[in-house]
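The block underneath contains the structure these notes are about, expressed in C-alpha coordinates.
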Amino acid sequence: MSVSVDETEEPGWEVDPEDESGAAVVAAVGRQIRKWRESKGLRAAELGERIGYGEDLIRKVERGARIPRTEFLDKVDDALGAGGLIAVMKADVAEVRYPKKVRDLARLEARAVEIGGYESNYVHGLLQTPDYARALFEMRQPAYSQEEVERNLAARMARRAVYDRSPAPALSFVLEEATLRRPIGGTMVWRQQLQYLLEVCQLHRSIALQVMPTHVDAHASMDGRIEMLKFGDGTAVGRSPGAFNGRPVSDLKQLRILELRYGMIRAQALTPRESLVFIEHVLGET
(Lines give C-alpha, C1' and ligand atoms only; values in the text may rest on other atoms or scores of the structure.)
Protein backbone atom coordinates (compact mmCIF):
# COMPACT_ATOMS: atom_id res chain seq x y z
CA MET A 1 0.00 0.00 0.00
CA SER A 2 1.33 3.43 -0.90
CA VAL A 3 2.11 5.84 1.93
CA SER A 4 0.58 9.31 1.66
CA VAL A 5 2.77 12.33 2.17
CA ASP A 6 1.27 13.41 5.46
CA GLU A 7 1.83 9.98 7.02
CA THR A 8 5.59 10.57 6.83
CA GLU A 9 5.96 14.35 7.01
CA GLU A 10 2.84 16.49 7.04
CA PRO A 11 3.33 19.53 4.80
CA GLY A 12 2.45 23.02 5.93
CA TRP A 13 2.30 24.67 9.32
CA GLU A 14 -0.12 24.89 12.20
CA VAL A 15 -2.15 28.09 12.36
CA ASP A 16 -1.35 30.44 15.23
CA PRO A 17 -4.73 31.13 16.91
CA GLU A 18 -3.49 34.56 18.02
CA ASP A 19 -2.74 35.56 14.42
CA GLU A 20 -6.26 36.67 13.51
CA SER A 21 -5.47 38.06 10.06
CA GLY A 22 -3.46 35.00 9.09
CA ALA A 23 -6.10 32.62 10.42
CA ALA A 24 -8.77 34.42 8.39
CA VAL A 25 -6.79 33.99 5.16
CA VAL A 26 -6.19 30.28 5.79
CA ALA A 27 -9.84 29.72 6.69
CA ALA A 28 -10.97 31.40 3.46
CA VAL A 29 -8.62 29.21 1.41
CA GLY A 30 -9.93 26.10 3.19
CA ARG A 31 -13.54 27.03 2.47
CA GLN A 32 -12.78 27.43 -1.23
CA ILE A 33 -11.07 24.05 -1.41
CA ARG A 34 -13.99 22.36 0.32
CA LYS A 35 -16.47 24.11 -1.96
CA TRP A 36 -14.60 22.92 -5.06
CA ARG A 37 -14.20 19.40 -3.69
CA GLU A 38 -17.89 19.05 -2.89
CA SER A 39 -18.88 20.50 -6.25
CA LYS A 40 -16.95 17.61 -7.84
CA GLY A 41 -18.71 15.07 -5.64
CA LEU A 42 -15.49 13.95 -3.93
CA ARG A 43 -14.92 12.92 -0.35
CA ALA A 44 -11.85 14.29 1.45
CA ALA A 45 -10.23 10.86 1.35
CA GLU A 46 -10.76 10.63 -2.42
CA LEU A 47 -9.16 14.03 -3.00
CA GLY A 48 -6.26 13.05 -0.79
CA GLU A 49 -5.76 9.85 -2.75
CA ARG A 50 -5.70 11.79 -6.03
CA ILE A 51 -3.00 14.21 -4.89
CA GLY A 52 -0.96 11.94 -2.62
CA TYR A 53 -1.94 13.34 0.77
CA GLY A 54 -3.91 11.87 3.66
CA GLU A 55 -7.53 12.60 4.48
CA ASP A 56 -6.53 14.15 7.81
CA LEU A 57 -4.44 16.83 6.11
CA ILE A 58 -7.23 17.62 3.62
CA ARG A 59 -9.69 18.14 6.48
CA LYS A 60 -7.22 20.26 8.49
CA VAL A 61 -6.67 22.57 5.52
CA GLU A 62 -10.39 22.80 4.78
CA ARG A 63 -11.26 23.83 8.32
CA GLY A 64 -8.43 26.38 8.42
CA ALA A 65 -6.29 24.52 10.95
CA ARG A 66 -3.30 23.98 8.66
CA ILE A 67 -1.43 26.41 6.40
CA PRO A 68 -0.88 24.54 3.12
CA ARG A 69 2.30 24.70 1.10
CA THR A 70 2.23 26.08 -2.43
CA GLU A 71 2.68 22.65 -4.04
CA PHE A 72 -0.37 21.39 -2.17
CA LEU A 73 -2.51 24.17 -3.67
CA ASP A 74 -1.15 23.43 -7.14
CA LYS A 75 -2.06 19.74 -6.82
CA VAL A 76 -5.53 20.49 -5.46
CA ASP A 77 -6.19 22.99 -8.24
CA ASP A 78 -5.16 20.46 -10.87
CA ALA A 79 -7.09 17.56 -9.30
CA LEU A 80 -10.30 19.60 -9.01
CA GLY A 81 -9.99 21.28 -12.39
CA ALA A 82 -10.22 24.70 -10.77
CA GLY A 83 -8.43 26.40 -13.66
CA GLY A 84 -6.07 28.33 -11.39
CA LEU A 85 -8.75 29.66 -9.02
CA ILE A 86 -7.24 27.72 -6.12
CA ALA A 87 -3.60 28.07 -7.16
CA VAL A 88 -4.03 31.85 -7.39
CA MET A 89 -4.37 31.94 -3.62
CA LYS A 90 -0.73 30.90 -3.21
CA ALA A 91 0.40 34.51 -2.82
CA ASP A 92 -1.98 35.10 0.08
CA VAL A 93 -1.01 31.85 1.76
CA ALA A 94 2.71 32.52 1.24
CA GLU A 95 2.41 35.78 3.15
CA VAL A 96 0.74 34.28 6.21
CA ARG A 97 2.87 31.14 6.48
CA TYR A 98 5.42 33.01 8.59
CA PRO A 99 4.87 34.15 12.20
CA LYS A 100 3.01 37.47 12.41
CA LYS A 101 5.84 39.35 14.11
CA VAL A 102 8.18 38.33 11.29
CA ARG A 103 5.64 39.33 8.64
CA ASP A 104 5.28 42.74 10.27
CA LEU A 105 9.06 43.20 10.33
CA ALA A 106 9.41 42.04 6.73
CA ARG A 107 6.78 44.56 5.60
CA LEU A 108 8.71 47.35 7.30
CA GLU A 109 11.99 46.18 5.77
CA ALA A 110 10.34 46.02 2.34
CA ARG A 111 9.37 49.72 2.66
CA ALA A 112 12.60 50.96 4.20
CA VAL A 113 15.13 53.04 2.28
CA GLU A 114 17.63 52.66 5.13
CA ILE A 115 18.08 49.75 7.53
CA GLY A 116 20.55 49.83 10.39
CA GLY A 117 21.27 47.36 13.16
CA TYR A 118 23.67 46.81 16.01
CA GLU A 119 24.00 43.30 17.49
CA SER A 120 25.96 42.23 20.54
CA ASN A 121 25.16 38.52 20.91
CA TYR A 122 24.89 37.04 17.42
CA VAL A 123 25.10 37.99 13.75
CA HIS A 124 22.21 40.16 12.55
CA GLY A 125 19.29 38.18 11.10
CA LEU A 126 19.65 39.68 7.62
CA LEU A 127 23.25 38.48 7.53
CA GLN A 128 22.76 34.92 8.78
CA THR A 129 23.32 31.74 6.78
CA PRO A 130 20.57 29.09 6.97
CA ASP A 131 22.70 26.75 9.11
CA TYR A 132 23.70 29.52 11.52
CA ALA A 133 20.08 30.65 11.88
CA ARG A 134 18.95 27.06 12.39
CA ALA A 135 21.50 26.60 15.18
CA LEU A 136 20.16 29.71 16.92
CA PHE A 137 16.57 28.51 16.70
CA GLU A 138 17.49 25.01 17.87
CA MET A 139 19.29 26.27 20.98
CA ARG A 140 16.33 28.38 22.10
CA GLN A 141 14.84 27.69 25.53
CA PRO A 142 12.12 26.73 26.05
CA ALA A 143 12.77 24.69 22.95
CA TYR A 144 10.95 25.21 19.67
CA SER A 145 9.33 22.18 18.08
CA GLN A 146 10.95 21.06 14.84
CA GLU A 147 8.02 22.57 12.95
CA GLU A 148 8.57 25.91 14.68
CA VAL A 149 12.28 25.76 13.85
CA GLU A 150 11.53 25.18 10.16
CA ARG A 151 8.87 27.87 10.03
CA ASN A 152 11.04 30.50 11.70
CA LEU A 153 14.03 29.54 9.57
CA ALA A 154 12.03 29.92 6.35
CA ALA A 155 10.77 33.30 7.54
CA ARG A 156 14.24 34.56 8.38
CA MET A 157 15.67 33.49 5.03
CA ALA A 158 12.73 35.10 3.18
CA ARG A 159 13.69 38.46 4.72
CA ARG A 160 16.88 38.41 2.64
CA ALA A 161 14.74 39.37 -0.35
CA VAL A 162 15.52 42.94 0.73
CA TYR A 163 18.88 42.51 -1.05
CA ASP A 164 17.14 42.04 -4.40
CA ARG A 165 15.14 45.27 -4.30
CA SER A 166 15.86 47.91 -6.91
CA PRO A 167 16.90 50.42 -5.86
CA ALA A 168 18.37 48.61 -2.89
CA PRO A 169 18.02 50.17 0.55
CA ALA A 170 21.13 51.40 2.33
CA LEU A 171 22.06 48.71 4.84
CA SER A 172 24.42 49.26 7.76
CA PHE A 173 25.31 46.77 10.48
CA VAL A 174 27.56 46.89 13.51
CA LEU A 175 28.51 43.56 15.07
CA GLU A 176 30.34 43.08 18.33
CA GLU A 177 33.61 41.19 17.87
CA ALA A 178 32.24 38.50 20.18
CA THR A 179 29.54 37.63 17.61
CA LEU A 180 32.28 36.72 15.14
CA ARG A 181 34.24 34.59 17.58
CA ARG A 182 31.37 32.59 19.06
CA PRO A 183 31.25 29.23 17.17
CA ILE A 184 27.46 28.94 17.00
CA GLY A 185 26.52 25.69 15.27
CA GLY A 186 30.05 24.31 15.45
CA THR A 187 33.25 25.12 13.57
CA MET A 188 31.97 24.33 10.07
CA VAL A 189 28.80 26.44 10.43
CA TRP A 190 30.81 29.22 12.08
CA ARG A 191 33.35 29.32 9.25
CA GLN A 192 30.60 29.34 6.62
CA GLN A 193 28.97 32.26 8.44
CA LEU A 194 32.21 34.26 8.41
CA GLN A 195 32.72 33.50 4.73
CA TYR A 196 29.17 34.58 3.97
CA LEU A 197 29.73 37.93 5.67
CA LEU A 198 32.66 38.57 3.37
CA GLU A 199 30.77 37.41 0.28
CA VAL A 200 27.55 39.34 0.91
CA CYS A 201 29.47 42.58 1.45
CA GLN A 202 31.35 42.06 -1.80
CA LEU A 203 28.18 41.25 -3.75
CA HIS A 204 26.05 44.10 -2.39
CA ARG A 205 27.64 47.51 -2.36
CA SER A 206 24.66 48.85 -0.43
CA ILE A 207 25.87 46.99 2.69
CA ALA A 208 28.21 48.65 5.18
CA LEU A 209 29.34 46.14 7.80
CA GLN A 210 31.37 47.28 10.81
CA VAL A 211 32.91 45.44 13.73
CA MET A 212 33.02 46.80 17.27
CA PRO A 213 36.31 45.51 18.76
CA THR A 214 36.23 44.17 22.30
CA HIS A 215 39.10 46.47 23.26
CA VAL A 216 36.69 49.41 23.08
CA ASP A 217 36.00 49.75 26.78
CA ALA A 218 32.53 51.37 26.52
CA HIS A 219 30.14 52.64 23.88
CA ALA A 220 26.67 54.07 23.48
CA SER A 221 24.70 50.81 23.51
CA MET A 222 26.24 48.55 26.08
CA ASP A 223 22.73 47.54 27.13
CA GLY A 224 21.66 45.87 23.91
CA ARG A 225 20.86 45.82 20.24
CA ILE A 226 19.55 48.70 18.14
CA GLU A 227 17.26 48.46 15.12
CA MET A 228 16.57 51.45 12.85
CA LEU A 229 14.40 51.62 9.73
CA LYS A 230 13.86 54.80 7.72
CA PHE A 231 11.22 55.21 5.02
CA GLY A 232 10.91 57.23 1.85
CA ASP A 233 8.30 59.56 3.30
CA GLY A 234 10.68 60.76 6.00
CA THR A 235 9.20 58.63 8.79
CA ALA A 236 11.14 56.02 10.71
CA VAL A 237 10.85 53.38 13.40
CA GLY A 238 13.44 52.17 15.86
CA ARG A 239 13.80 49.81 18.78
CA SER A 240 16.34 48.95 21.45
CA PRO A 241 15.91 46.90 24.64
CA GLY A 242 17.93 49.56 26.45
CA ALA A 243 15.55 52.41 25.61
CA PHE A 244 11.82 53.09 26.00
CA ASN A 245 11.20 49.67 27.58
CA GLY A 246 12.26 47.96 24.37
CA ARG A 247 9.12 48.94 22.46
CA PRO A 248 9.21 50.19 18.84
CA VAL A 249 9.18 53.99 18.66
CA SER A 250 8.42 56.44 15.85
CA ASP A 251 8.31 59.70 17.83
CA LEU A 252 10.97 62.06 16.47
CA LYS A 253 12.44 62.91 19.88
CA GLN A 254 12.78 59.25 20.78
CA LEU A 255 14.17 58.37 17.38
CA ARG A 256 16.86 61.04 17.74
CA ILE A 257 18.09 59.29 20.88
CA LEU A 258 18.41 55.97 19.05
CA GLU A 259 19.99 57.67 16.04
CA LEU A 260 22.51 59.38 18.32
CA ARG A 261 23.43 56.08 19.95
CA TYR A 262 23.71 54.26 16.63
CA GLY A 263 25.78 57.06 15.12
CA MET A 264 28.18 57.00 18.07
CA ILE A 265 28.53 53.23 17.80
CA ARG A 266 29.38 53.46 14.10
CA ALA A 267 31.95 56.17 14.85
CA GLN A 268 33.64 53.97 17.47
CA ALA A 269 33.61 50.78 15.39
CA LEU A 270 36.15 49.76 12.76
CA THR A 271 35.50 51.18 9.29
CA PRO A 272 33.80 48.85 6.77
CA ARG A 273 37.13 48.19 5.04
CA GLU A 274 38.92 47.53 8.32
CA SER A 275 36.04 45.30 9.41
CA LEU A 276 36.30 43.03 6.37
CA VAL A 277 40.04 42.67 7.00
CA PHE A 278 39.25 41.84 10.61
CA ILE A 279 36.71 39.16 9.61
CA GLU A 280 39.25 37.65 7.22
CA HIS A 281 41.72 37.52 10.14
CA VAL A 282 39.18 35.77 12.40
CA LEU A 283 38.38 33.31 9.61
CA GLY A 284 42.08 32.56 9.24
CA GLU A 285 42.30 31.74 12.92
CA THR A 286 39.48 29.15 12.84
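The values are calculated or read from the model by the stated rules, or taken from the named source; none is laboratory data. Since we're looking at a predicted model, the values are computed, not measured. Heads up, the Cβs are rebuilt from the backbone with ideal geometry, glycines too, and the neighbour counts pull from every protein chain shown. We work out accessible area using only protein heavy atoms, side chains counted, and drop any ligands, DNA or RNA first. Shrake-Rupley method; radii C 1.70, N 1.55, O 1.52, S 1.80 Å.
Taking only protein heavy atoms and a 1.4 Å probe, the accessible area of the chain is 51% carbon and sulfur.
Of the residues G116, I67, A79, the one whose Cα sits farthest toward the positive end of the charge dipole of the range 67-132, with +1 on the Cβ of Lys and Arg and -1 on the Cβ of Asp and Glu, is I67. In the chain, the longest principal axis of the Cα atoms and the axis of helix 100-111 are about 60 degrees apart. Note on exposure: H124, H204, H215 ranked by accessible area (1.4 Å probe, complete protein assembly) read H215, H204, H124, with the most exposed listed first. Database remark: amide H of E114 closer than 5 angstrom to the amide H of A170, K230 (H placed geometrically; neighbours at sequence offset of 5 or more, or on other chains; Pro and chain starts carry no H). Starting from a Cα-only point model with no solvent, please compute log10 I(q)/I(0) by Debye for the chain at q = 0.07, 0.10, 0.14 1/Å. Treating every Cα as an identical point scatterer, log10 I(q)/I(0) equals -0.35, -0.65, -1.04.
Pairs of C-alpha atoms in the range 239-279 farther apart than 16 Å represent 47 percent of all such pairs. With protein chains left intact and a 1.4 Å probe, residues in the range 79-127 average 43 Å² of accessible area per residue. Spin-label pair I257-R160: with each label point 7 Å from Cα along the Cα-Cβ axis, the two points sit 3.6 nm from one another. Relative contact order of the chain: 16 percent, from C-alpha pairs under 8 Å at least 6 residues apart in sequence. A Stokes-Einstein calculation at 10 °C with viscosity 1.306 mPa s, built on the Kirkwood radius of the range 148-273 over Cα pairs, returns a diffusion coefficient of 97 µm²/s. For the range 116-167, the residue among A155, T129, S166 whose Cα projects farthest onto the positive side of the dipole built from Cβ charges is S166.
Pairs from the table (K75/K100; K35/K60; K40/K75; K75/K101; K230/K253; K35/K90) lying more than 20 angstrom apart at Cα are K75/K100; K75/K101. The residues of the range 146-286 expose on average 52 square angstrom of accessible surface per residue, using a 1.4 Å probe on protein heavy atoms.
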